[in-house]
Amino acid sequence: MSMRMRVAQPPLPLAGEGRGEGGQRPLAPLPNPLPAGGERGKFGLELEVRELRAGYGGLPVLHGISLCAPVGRTTVLVGANGAGKTTLLKTLAGVMSPVSGSVLLDGKPLAGDTPADRVRRGMALVPEGRHLFPDMSVRENLELGGYLASRAQRDKMLEAVIGIFPRLGERLTQAAGTMSGGEQQMLAIGRALMSRPRLLLLDEPSLGLAPKMVDEMFAALARINRDGTTLLLIEQNVFQALAVADYAYVLSHGEMIAAGAAWELRGNDLIRRVYLGEAIAN
Amino acid sequence: MNFYLFIDLVVASLVTGGLYAVVALGLNLQYGLMRIMNIAHGEFLMIGAYLTYTLVRLTGASPLWFIPPMMVVLFLLGLVLHRLIFRRLAATSPSPEAMEARSLIVGFGLMFILQNVAQLIWGGGMSGQAYLDEPVKLGEITVAANRLLVLVVVAAASLALVLVLKKTLLGKAVRGMLQAPLGAMLVGIDTRRLHPACFGLGLALAGLAGGLLSMVYELTPSMGEPYTISALIVITLGGLGNIPGAIAGALLLGLVETFGMYYTSPSMKTLISYGVLVGVLLLRPKGLFAK
């Protein structure tokens, strides 16, 4: 029940607000999440972002955005290139520092935490461009994914990851940089899973993959989410992402312009326009 | 060329190349991980050599006793220098290129300071204390014992470093930072702790080379400079951040220099090594082993 409340808050800065009458009224968040399934709600972490501002060297990219990724759910963030999605995820992972605003993990602020602290607290990011260790084997990449875990935990997670991506198990000794794009993306996700995250952030996981690989990857994400991990993903592949997501946010030019249940946004015109990069409100 | 002379030259090449490898491995870690263009790297070799020499003169004991504690001292000096200078430099540099340029300037400053401090303490002339300067017969081949010792120690040190980087989780983390800095941060590798440690390790390795050199050659306050240059050539040969490449590059440079000097003259040493550098930069600018 408490989750319903949380989904409805914090108040989102919507396109119509503070812009006079001109803005299109987007969909409000749906106050009726899918029923929480037993274990699903217990493992994951809840992420809440409040009025986050961030940018590069004085150039603001995010103008005070707020969002919530509820426990054990898949939340997708869509928006055209340059909307600030990657900046948001980098800030969440602690690689960039916000100018202002706060990020809460299960209600506790993440203020001065280093990227390593955040991994310890149960977060993991699969970054855009993957950033694998190209000259190291698949096994070594996965081992480093579990860098902060105990040896026993690493061995256990290695098996679990191979269970999700059997292809990685067949290629443990291959150098990561010599694999296909799809396989590298599986490895990037597998490496992030090695720290047994309770909140997994993914930046454009389907970028550059063959359609068959995209299907396979979304199936794997659905499976990871079924195990209770909270997912927050950025996607260009909007309609496929909305199909697996519970909630969706639309980001445009550093501002959140729409939010709601994924099924509700799926048929929405606005998404189409934002995705195609057309101007929304002016 | 007769067989014994050939073996002599090969041993001399391996000794030179092995020392280059130890010096270059440290510089490669510093540059590859932190973009610190430590032009004063050879000066730490010189400090290591003088420290070892002084302790040997004071106590009369074998230099081998003093090399490990001297390496610890240089490691700690590395942590202090990183904390006082390079951490701040990294925090205020807007780009990796700026970091390279600024650390180069700082490196020159460190070089002058260390050379002049050494001159104040030990004087500008040559000092030396040969250790184990006696021939050893290996079958038909005769080698000076101290050179053999240098060869064994540098080989063991290089092998140990490669094994640590290859087999341990910490070593894999260092390689991870070299190959994908952002990826390494995201899996929780704490660069704020590993960077100073790697910087200190670089100094300790330079010190090891210096301690070994003090058993074989005369010391002067400027003895480190040519090793910095050689290390830079070795890194260019082996490829930036490539550890096995640096070892192979060091042995190759040792061979080319030694045989080159034999066939021309010892005064040609610098010309030969710069020739190698120019050749590699022209033909394989990413290193001999780049794919």
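Bear in mind that the values in this text are calculations on the coordinates, not laboratory data. This one's a predicted model, so the numbers in the text were calculated from it and none came from an experiment. Quick reminder, even Gly has a Cβ in these numbers, built from the backbone with ideal geometry, and neighbours come from all protein chains shown.
Summary value for chain B: 38 percent relative contact order, contacts being C-alpha pairs under 8 angstrom separated by 6+ residues. Sorted on the mean count of surrounding Cβ atoms within 10 Å across their residues, most packed first, peptides B:56-69, B:132-145 read B:56-69, B:132-145. For B:HIS195, A:HIS63, B:HIS41, the sequence from fewest to most other C-beta atoms within 10 Å is A:HIS63, B:HIS195, B:HIS41. Give, as a single signed number, the net charge of other residues whose beta carbon lies under 12 Å from the beta carbon of A:MET217, with Lys and Arg counted +1 and Asp and Glu -1. So the environment of A:MET217 carries a net charge of -2.
3J(HN,Hα) along the range A:244-255, derived from phi through the Karplus expression 6.51 cos²θ - 1.76 cosθ + 1.60 where θ = phi - 60°, amounts to 9, 8, 8, 10, 9, 10, 10, 10, 9, 6, x, 10 Hz, with x in place of Gly and Pro. Per-residue shielding of A:139-147, expressed as the average number of other chain Cβ atoms within 10 Å of the residue Cβ, stands at 5. Using a/c under 1.5 as the rounded threshold, could you call the range B:97-138 rounded, prolate or oblate? The axes a ≥ b ≥ c are square roots of the C-alpha gyration tensor eigenvalues, and prolate needs a/b larger than b/c, oblate otherwise. Oblate, since a/c reaches 1.5 and b/c is not below a/b. Mean partner shielding of peptide B:173-183, defined as the number of other chain Cβ atoms within 10 Å of each residue Cβ, is 6. If a/c stays under 1.5 just call it rounded; otherwise compare a/b with b/c (prolate if a/b is bigger, oblate if not). Do that for the range A:133-195, with a ≥ b ≥ c from the square roots of the Cα gyration tensor eigenvalues. Prolate. Annotation for B:ARG193 and A:TYR56: the two label points, set 7 Å from Cα along the Cα-Cβ direction, are 3.1 nm apart.
Shown here are the Rg and Dmax of the Cα trace of the protein assembly as shown, at 28.9, 97 Å. Cβ crowding within 10 Å ranks B:LYS269, A:LYS108 as A:LYS108, B:LYS269, fewest other Cβ atoms first. For the pair the range B:217-241 and the range B:1-45, the centres of their Cα atoms are 6 angstrom apart. Give me the distance between the Cα centres of the range A:106-158 and the range B:60-80, rounded to whole Å. Using only Cα atoms, the two centres lie 36 Å from each other.
With a 10 Å cut-off around each Cβ of A:115-121, the average count of Cβ atoms from other chains is 4. A protection proxy built from the mean count of other Cβ atoms within 10 Å ranks the segments A:217-224, B:22-29, most packed first, as B:22-29, A:217-224.
When the trypsin sites (Lys or Arg not before Pro) in the range A:72-153 are filtered for DSSP coil states and for at most 16 other beta-carbon atoms within 10 Å of their beta-carbon, the remaining sites are A:ARG121.
In chain B, the DSSP-assigned H stretches of four residues or longer account for a calculated mean residue ellipticity at 222 nm of -25000 deg cm²/dmol, using -39500 (n - 2.57) per stretch and the full residue count as denominator.
Protection proxy ranking for B:74-83, A:162-171, A:198-207, using the average of other Cβ atoms within 10 Å per residue and placing the highest first: A:198-207, B:74-83, A:162-171.
A dipole drawn for the protein assembly as shown from +1 and -1 charges on Cβ atoms has a positive end, and of B:ALA173, B:GLY260, A:PRO109 the residue lying farthest that way is A:PRO109. The residues neighbouring A:GLU204, those whose beta-carbon lies less than 14 Å from its own, together hold a net charge of 0 under the Lys/Arg +1, Asp/Glu -1 convention.
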